[in-house]
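Colleague: Here it is: the structure, laid out below.
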Amino acid sequence: MSIPDNRNFKADKSMTGTANNGKRLILDGPPPDLPASYRCIFSVTLKMSAAPKIKLNNGMEIPAIGLGTWQSKPEEVVAAVSHALKEGYRHIDCAWGYGNEKDVGEGIRQSGIPRSDIWITSKLWGTYHSRVEECLDQTLSNLGTDYLDLYLIHWPVPLNPNGNHPVFPTLPNGKRDVDHSWKLSDTWKQMEEMVTKGKVKAIGISNFSVKKMEEILPTATIIPATNQLELHPYNPQHELLAYLKDKGIVPQAYSPLGSTGSPLLKDEVILGIAQEHSIEAADVVLGWLVAKHIIALPKSVTPTRITANLNGAIAGSSKLDKDDIAKIDGLAAAGKQKRFIMPPWPVDLGFDNWPPLV
Ligand code: A2P
């Protein structure tokens, strides 16, 4: 038998394990059937996991797992972002509207990971639909970068730019002050100009139903690269996903664990699948998204969870079989349909399972 050259050696089967510091790692080493007498010549290397990538309609490749930063407090998010990048994340999802972009930028700097190795997404806030470049310039300055990989329209809801509040303007009746005269297609035109100017590499949308997408697609010269939505087993939006697939728009999942308190992780079907594969419930939920080619954006400010979510999403996506995926796909239709994020926008967003306007 000839001994393989260990410089080029790759195990034919990757094995996952847990190091004594609790990190989940992939062990790269000799094949399990190699005679014991040869095993000693191989050193086992511990590799951090890298998220798989998904190709967008402009040819760019986006890491399929990113760190969510909504509701991460400024004083927590610096360490969270820095930890995530050191642990192998290469995708950070942020937004002007989250109010913590400066801290996200600081976390990126503290990680020491080069800007060019990181995918950064941010989002245009509602009061800036008629002033896209102004909002983007603030985001770039907040983050300390001169370009974004992806820029999204945060909500298909233009808010009064001259209202009584810079972020959430309201009317005397207390409802949010929407600029009903502004057309989303004009917001999209300004988004396209940001690509031409080189300030963003890709553009997309967030919280757009089919009805709202059809307000921009007929005049778009760039098809949105992604649509970021509340997507998880209780809100799978199967029909919307089929529409996105047809248009070549990649879905991104925010609040994949059900947002604050991660309620999805208590679901007995998900816990059952987790037990069957000896993985965590979070691995099942995140793995289900990644297996379906949906970009998962779990939010956490807890270092152990940040690390576990990246490695678990990768492990989960490879362990779930067709039956598991079908079972999770069917949870909402079987009576568990639930949205967790429903801001009181006084417009018909066109989504299923959204409370009627009052
Ligand atoms: P924390 O940030 O305190 O770690 P979502 O991604 O759906 O928005 O969920 C975010 C919520 O889930 C936060 O409350 C976050 O808490 C919590 N969370 C994130 N990852 C995990 C995990 N692996 N296990 C349990 N809870 C988690």
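Where a number appears in this text, it was derived from the coordinates with a stated rule and is not lab data. Computed from a prediction, not measured in an experiment: that's the story for all the values here. When we count neighbours, we look across all protein chains shown, and the Cβ atoms used for this are built from the backbone with ideal geometry, even at glycine.
Colleague: When the helix-only estimate is applied to the chain (DSSP H runs of n ≥ 4, each -39,500 (n - 2.57), divided by the residue count), what is the mean residue ellipticity at 222 nm, nearest 500 deg cm²/dmol?
Modeller: Taken over the chain, the calculation gives -9500 deg cm²/dmol.
Colleague: Exceeding 23 Å between C-alpha atoms, which entries from my cross-link table qualify? They are Lys73/Lys199; Lys123/Lys319; Lys102/Lys245; Lys102/Lys123; Lys247/Lys299.
Modeller: Those over the limit are Lys73/Lys199; Lys123/Lys319; Lys102/Lys245; Lys247/Lys299.
Colleague: Per residue of the range 163-169, what does 6.51 cos²θ - 1.76 cosθ + 1.60 with θ = phi - 60° give for ³J(HN,Hα)? Whole Hz please, x for Gly and Pro, Karplus curve as stated.
Modeller: x, 8, 7, x, 10, 10, x
Colleague: Here's another thing I want to ask about it. How far is it, in nm, from the label point at Gln71 to the one at Asn173 when both lie 7 Å from their Cα along the line to the Cβ?
Modeller: 3.0
Colleague: Quick one: Karplus J couplings for the range 294-300, per residue in order, coefficients 6.51, -1.76, 1.60, θ = phi - 60°, nearest Hz, x for Gly and Pro?
Modeller: Per residue, the Karplus-derived 3J(HN,Hα) values read 10, 6, 9, 10, x, 9, 7 Hz.
Colleague: Here's something else I'd like to know. Can you tell me, using C-alpha contacts under 8 Å and at least 6 residues apart, the relative contact order of the chain as a whole percent?
Modeller: 16
Colleague: OK, next. Can you tell me which of 267-279, 296-308, 330-342 comes out highest on packing, and rank the rest after it, using the mean Cβ neighbours within 10 Å?
Modeller: 296-308, 267-279, 330-342
Colleague: Please list, in chain and number order, the residues 5+ apart from Asn235 or on another chain whose amide H is under 5 Å from its amide H, with Hs placed from the backbone.
Modeller: Placed amide hydrogens put Lys338 under 5 Å from Asn235.
Colleague: Calculate the FRET efficiency for Lys197 and Glu61 from the Cβ-Cβ distance with a Förster distance of 25 Å, rounded to the nearest 0.05.
Modeller: Calculated transfer efficiency: 0.65.
Colleague: Which whole-percent values make up P(r) of the chain when all C-alpha to C-alpha distances are grouped in 20 Å steps starting at zero?
Modeller: With 20 Å bins starting at 0, P(r) equals 28, 56, 14, 2, 0.
Colleague: Tell me, how many Å apart are the Cα centres for the range 319-358 and for the range 242-314?
Modeller: Taking the Cα centre of each part, the range 319-358 and the range 242-314 sit 15 Å apart.
Colleague: Further question on the same structure: What is the distance in Å between the Cα centres of the range 191-216 and the range 65-123?
Modeller: First find each Cα centre; the distance between them is then 22 Å.
Colleague: A further question on this structure: Of the DSSP beta bridges with both residues in the range 94-237, give the percent that are antiparallel, rounding to the nearest 5.
Modeller: Rounded to the nearest five, the antiparallel share is 20 percent.
Colleague: Going through the DSSP H helices of the chain, which span 20 Å or more along their own axis at the Cα atoms while scoring at least -1.0 as a mean Kyte-Doolittle hydropathy?
Modeller: The qualifying helices are 303-319.
Colleague: Something else about it: Which residues' amide hydrogens lie under 5 Å from the amide hydrogen of Leu152, considering only partners 5 or more residues apart or on another chain, with H built in the peptide plane?
Modeller: Those qualifying (amide H under 5 Å, at least 5 residues apart or on another chain) are Ser122, Lys123, Leu124, Gly204.
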